[in-house]
1. For segment 186-202, state whether one or more residues are outside any strand (DSSP E or B), loosely packed, with under 14 Cβ neighbours inside 10 Å, free of Cβ contacts under 8 Å to residues at least 12 places away in the same chain and of a type in the set (G, A, S).
2. Which one is surrounded by the fewest Cβ atoms within 10 Å (Cβ to Cβ) among residues in segment 337-358 that are touching a strand residue (DSSP E or B) at 6+ places or on another chain (Cβ under 6 Å) and within 26 Å of S77 (Cβ to Cβ)?
3. Restricting the search to segment 247-259, which residues are within 16 Å of V288 (Cα to Cα) and of a type outside the set (A, V, I, L, M, F, W, C)?
4. Which one is modelled with the highest pLDDT among residues in segment 184-222 that are out of contact with any Leu (no Cβ under 8 Å at 6 or more places or on another chain) and among the aliphatic types (A, V, I, L, M)?
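The values are calculated or read from the model by the stated rules, or taken from the named source; none is laboratory data. Note that the coordinates shown come from a computational prediction; the quantities given were computed from them, not determined experimentally. Note: ideal-geometry Cβ built from the backbone for every residue, glycine included; neighbour counts use all protein chains shown.
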Amino acid sequence: MTSSAQAHDDAELDALYRDLAAVDLRPLWTITEQLLTPTPRPRAIPWLWSAATMKPLARRAIQLVPVERGGERRVLSLQNPGLGGKPYAAGSLWGALQCLGPRETAPAHRHTPGAVRWVLEGEGVWTTVNGDACDMHPGDLVLTPSWNWHDHVNGGDSEMFWFDGLDLPMIDALDGVFFEEYPGPGESQPEPAEHNTSERTHAGGTRYVEGEVEGVVSPTASPLLVYRWADTAAELDRRAAGSDEPLIAVEYVNPTTGASVLPTLACAVHRVRAGARTPAVRRSGNAVYVAFQGSGSSVIDGQRFDWGPGDMFVVPSWSAVEHAADEQADLFLLTDAPVLRALGIYRQETLPEPQSVTGVFLPR
Ligand code: GTQ
Ligand code: FE2
């Protein structure tokens with residue numbers, strides 16, 4: 001082709017792109033590589049929020065912001081700096097620190113996004129879930145499935161702190177968010193005569209399975225709304241006794257079906273043995289970890305994150321992650337893996353070698 005013919009073609013091509021843009025059409029061939037990536041390219045980045053930073057700020061919020069003025073919840077959301085200002089821990093997951101002062105109540109509401117609570121510190125609080133008051137103690141997991149009324153009541157004199165995990169970003173991406181306040185101004189549900197009804201009814205079945213996202217997938221949430229730390233710890237101890245693996249992973253499951261606790265979210269506890277280091281694994285789907293007991297570090301895509309009790313960190317989809325514990329450590333884990341599994345697109349890969357550490361994360 002002569003250079004003038006080439007120039008002619010270029011001008012025609014520019015005109016084509018202009019004309020396409022003017023009528024809201026986009027040529028795939030110019031953006032294929034951004035859209036169809038060989039592996040997931042989450043915009044969320046590995047990140048950690050330390051308890052030492054979060055707790056004093058949460059205490060200031062307790063002093064300054066009555067729970068009614070905090071949009072009914074006193075919640076500090078983990079805002080991943082990779083997400084351009086969205087208040088999400090990862091593209092598909094909401095993670096937050098929620099706190100209630102003595103005698104405070106966060107009034108009842110319901111929404112299509114489902115939530116889990118994992119208690120870090122304090123006593124005296126219960127969450128009422130569709131009329132069932134579930135008492136909360138450190139290490140307990142409490143479920144508030146989609147469209148269940150829920151309020152949080154602090155009947156005691158201590159401050160209470162817990163981790164909230166929600167599928168809100170997923171439900172938002174699907175344009176499926178509905179929300180409703182409980183009828184009656186600033187109301188909570190009536191306190192039932194007896195607390196912990198689901199626990200008395202369902203505590204008998206299999207509530208834990210080995211592994212992390214092994215539960216079958218199901219569109220139904222668990223009818224058991226609270227899993228006690230004493231039971232979780234006993235399950236971890238039992239599995240640890242018969243094994244010398246660096247990692248003991250136990251998933252919380254629906255006792256009637258063996259499915260993940262919520263249709264969208266799986267919860268697990270990873271116990272890392274003292275002095276052990278787990279193999280490096282990549283998984284599709286996002287995860288938020290909450291350190292509960294013990295201390296250690298995780299290498300995420302080559303960067304070392306040191307953690308201790310109350311710290312929270314994000315492992316975005318397909319990031320390589322491995323954990324090491326100084327003393328025995330228990331990490332609570334929230335993932336969206338049930339969704340990927342339900343769609344038949346879940347993947348996981350163990351790396352042949354430990355990662356080399358190329359940097360250390362400095363929490364703010
Ligand atoms: O406790 O009901 O972190 O509705 C975000 C949204 C907690 C809650 C969050 C919520 C709640
Ligand atoms: Fe809520």
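1. So far as segment 186-202 goes, yes, one or more of its residues are outside any strand (DSSP E or B), loosely packed, with under 14 Cβ neighbours inside 10 Å, free of Cβ contacts under 8 Å to residues at least 12 places away in the same chain and of a type in the set (G, A, S).
2. P338
3. Across segment 247-259, the qualifying residues are E251, Y252.
4. My answer is A193.
Every residue, every condition in (1) within 11 Å of ligand 1 (Cβ to nearest atom); (2) free of Cβ contacts under 8 Å to residues at least 60 places away in the same chain; (3) of a type in the set (D, E), yes or no:
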position	(1), (2), (3)
L97	yes, no, no
E121	no, no, yes
G131	no, no, no
H137	no, no, no
F163	yes, no, no
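Condition check ((1) more than 10 Å from ligand 1 (Cβ to nearest atom); (2) buried (at least 21 other Cβ atoms within 10 Å of the Cβ); (3) of a type outside the set (F, W, Y); (4) part of a strand (DSSP E or B)) across all residues:
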residue	(1), (2), (3), (4)
P113	no, yes, yes, no
R117	no, yes, yes, yes
L143	yes, yes, yes, yes
V153	yes, yes, yes, yes
